[in-house]
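Written out below as structure tokens is the structure these notes cover.
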Amino acid sequence: MKDTLETNLPEETGNLEESKIQQPIKETTGNEVEAEQADSVETSEAPVKQTKEGIIEQLEQLVEAPIETTSRTDVEALKQNYYKIRRAEIEEMKKEFLANGGEEKDFIIPIDETEERLKQLLSSYKEKKAIAVAEDEKEKATNYAIKLQLIDQLKALTESQDDFNKRYNAFKEIQQKWKETRNIPQEHVNTLWKTYQMYSEQFYDIIKINNQFRDYDFKKNLELKTALCETVEKLETEPDPVSAFHQLQKLHQQWREIGPVAKELREDLWNRFKTASTIINKRHQEHFEQLKQKEEENLAAKTAICEQIEAIDYDALKSFKDWDKKSKEVIALQEKWKTIGFAPKKYNIKIFERFRTDCDLFFEKKGTYYKVLKSEMEANLEKKKALCEKAEALKDSTDWKETTEKMIALQKEWKTIGAVTRKYSDSIWKRFITACDYFFDQKNKMNSSQKSVELSNLADKKELINKIKNLDPNLEYDEALETLHEYIAEWNKIGFVPFKDKDKIYKAYHEAVNKQFDRLNVSRNDRRLQSFRENINEMTSGGYSKGRLFSERDKLMRTYEKMKNELQTYENNIGFLNISSKGGNGLLKELERKIEQLKEDMALIVKKIETIDQNLD
């Protein structure tokens, strides 16, 4: 009969596989809690708006409840939400402090009594958790000792010679006690179970249990293990690989607790169970590999966002429009950041700190720019007010030419001044343009009446040109020249003509005068003198100050002195020329011609100076 009894060696192989699947649950340390909190700081959001007092009240309830009914995740979520609210309050107090003129280095975070209560509650929860963990470890140690005793009892049964029924009943009690004793230290699970299986199999073999009992147990165990195989195979369709993995651990625990099956079925049954388990394990492993890859992709995406913000050229942001456009880009990057999941735990806190630092730097520089811009706008407002006052002081002036130049200068200066705040931009512009428009409206009204006068002057000048052209050729030279000078004097007395006709009528006039000068053989210098007198008359009739005449007189005096020195040089040089020398006669004639020309030009300048003196008198 001993030869027909079987052992569970293939199932021991299965237990080795399970040792790779089931990992011990370790308690999370305080540092790990902080790390997990940091991992979730950027995306966690409370489903409803909470208050610090409400969070403290919820936390008190959790701390007072039995430790086995509370979740560390709930406690950490409350802690995280509290500090999210606390940070928001501190940031708001800091903004208000800075807005009131405070310096960032002088800002002190005020003490919050609720934060002290929070720390007390978290400490109490940690102590209760530590006690619970210690009790759990104690229970595992006790269970381990119990199972060691059960193995000793099972070993004793394999060596006992007592009545079969008595030993069989004792064996069943040991089996039942073994199933009831569950949690033991993870490091002893496989070794303990293998030892238990070994002695269980030995019991079946050594005590020579009859085939009826053996077949009954084998059949019952076969049904149970077949059902476990089917359950594991159904887990292949479980959409959540993590859930499937955890369910598999419980099924493996049940497999261990079920006794052996017939030897000829044992290996095939274990292979079926192991094959189905391998699929679940592989899906679980692939899930976390994909998760790790996704976290690496998230890290790359978040790094790219940081680099985009760090690449901002702040020197290129020179206007409100530039800063506004760049602000929208940064805010869009912040929104994009929220859509990206966690980075690898090792880098998650670092990349978030980098991102937050980059954003803080941008908005700090933006705030500084706006502060400077506000100061500049206030200065621009004062400058524009000053221009308004100048324009308002000029708007009633009737000195049209000079005031027009001043008004245009004010308008050009206005364009060089930067923007002012929107609150005053419309009103200050309306004030300025109202003064300018008033002046130019008055000028246009004057010009419209002046236009009819200019048209009348144009007609008079055209008639005078006809008189010059039709000067009687039979007049004596002196009478003809005197009449021509009278026409010229009459021309100078006639006022302005329309601007568009000015050059054309002036050209026709000079052509007519020069034609008569040519007919009367008037010298070049007489013509130049006549032209100069016309210019002087235009100066005086145009309202120019005597300063222009004095300036012109000084200019002529300097020209005269220069010609006088040049004449003296030529006269000195002519005495050194030897007529008998080769080419001397030609050079002498050239110097004499230049001397005569200089004398004529000097005489003309003298007459021009006399003309100016007459107008100055």
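The values are calculated or read from the model by the stated rules, or taken from the named source; none is laboratory data. Because the structure is predicted, anything quoted here is derived from the model rather than measured. Please note: Cβ atoms are built from the backbone with ideal geometry, for glycine as well, and neighbour counts cover all protein chains shown. The area values use the complete protein model at the heavy-atom level, side chains included, leaving out ligands, DNA and RNA. Shrake-Rupley method; radii C 1.70, N 1.55, O 1.52, S 1.80 Å.
From the phi angles alone, apply the Karplus equation (6.51, -1.76, 1.60; θ = phi - 60°) to the stretch 402-409 and give each ³J(HN,Hα) in whole Hz, x where the residue is Gly or Pro.
My calculation for the stretch 402-409 gives 5, 5, 4, 4, 5, 4, 5, 4 Hz in order.
By a straight-distance test (C-alpha under 17 Å), which aspartates and glutamates pair with Lys383 as possible cross-link partners, with residues fewer than eight away in the same chain excluded?
Once the sequence-local aspartates and glutamates are set aside, what remains near Lys383 is Glu392, Glu413, Asp426.
Mind ranking Met377, Met407 by accessible surface for me, highest first, 1.4 Å probe?
The residues order as Met377, Met407, largest area first.
Over the heavy atoms of Trp491, what accessible area does a 1.4 Å probe trace out, to the nearest 10 Å²?
Estimated to the nearest 10 Å², Trp491 gives 10 Å².
In what sequence, largest accessible area first, do Asp601, Asp324 appear using a 1.4 Å probe?
Of Asp601, Asp324, the descending order of accessible area is Asp324, Asp601.
Given Lys166/Lys250; Lys79/Lys129; Lys105/Lys366; Lys172/Lys219; Lys515/Lys594; Lys79/Lys345, which pairs have Cα atoms separated by over 22 Å?
With Cα atoms farther than 22 Å apart: Lys166/Lys250; Lys515/Lys594.
Can you give me the solvent accessible area of Ser71 with a 1.4 Å probe, rounded to the nearest 10 Å²?
Here the accessible area works out near 40 Å².
For Glu329, Glu610, give me the order by solvent-accessible area with a 1.4 Å probe, most accessible first, ignoring ligands, DNA and RNA.
Values: Glu329 75, Glu610 95 Å².
Heavy-atom accessible area, descending, gives Glu610, Glu329.
With every protein chain left in place, what is the accessible area per residue of the stretch 378-505 in square angstrom, probe 1.4 Å?
Working: 8590 Å² over 128 residues.
It amounts to 67 Å² per residue over the stretch 378-505.
Would you tell me the accessible area of Thr403, worked out with a 1.4 angstrom probe on the heavy atoms of the protein chains, in Å² to the nearest 10?
Roughly 10 Å² of Thr403 is accessible to a 1.4 Å probe.
Using only the alpha-carbon atoms of the stretch 55-200 as identical scatterers, what base-10 log of I(q)/I(0) does the Debye formula give at q = 0.09, 0.15 Å⁻¹?
-0.55, -0.86
Just to check I understand the Karplus step: with θ = phi - 60° and J = 6.51 cos²θ - 1.76 cosθ + 1.60, what whole-Hz values come out for the stretch 331-346, glycine and proline as x?
Computed from phi, the couplings for the stretch 331-346 are 5, 5, 5, 5, 5, 5, 4, 5, 7, 8, x, 5, 8, x, 3, 4 Hz.
In Å², what does the accessible area per residue of the stretch 218-309 work out to with a 1.4 Å probe?
Value for the stretch 218-309: 55 Å² per residue.
Can you give the Rg/Rh ratio of the stretch 321-370, where Rg is from the C-alpha atoms and Rh is the Kirkwood radius?
Across the stretch 321-370, the Cα-based Rg/Rh ratio is 1.06.
Pick out, in residue order, every one of the trypsin sites (Lys or Arg not before Pro) in the stretch 296-389 that is DSSP loop and has at most 12 other C-beta atoms within 10 Å; say none if there are none.
Sites meeting the loop and neighbour criteria: Lys318.
Trypsin sites (Lys or Arg not before Pro), restricted to the stretch 196-267: which are DSSP loop and have at most 14 other Cβ atoms within 10 Å?
Lys208
Can you pull the percent of the stretch 103-222's accessible area that's carbon plus sulfur, 1.4 Å probe, other chains left in place?
Using a 1.4 Å probe with all protein chains present, the stretch 103-222 comes out at 49 percent carbon and sulfur.
If you filter the stretch 64-141 for chymotrypsin sites (Phe, Trp or Tyr not before Pro), then keep DSSP loop positions with at most 10 other Cβ within 10 Å, what is left?
Answer by residue number: there is no such site.
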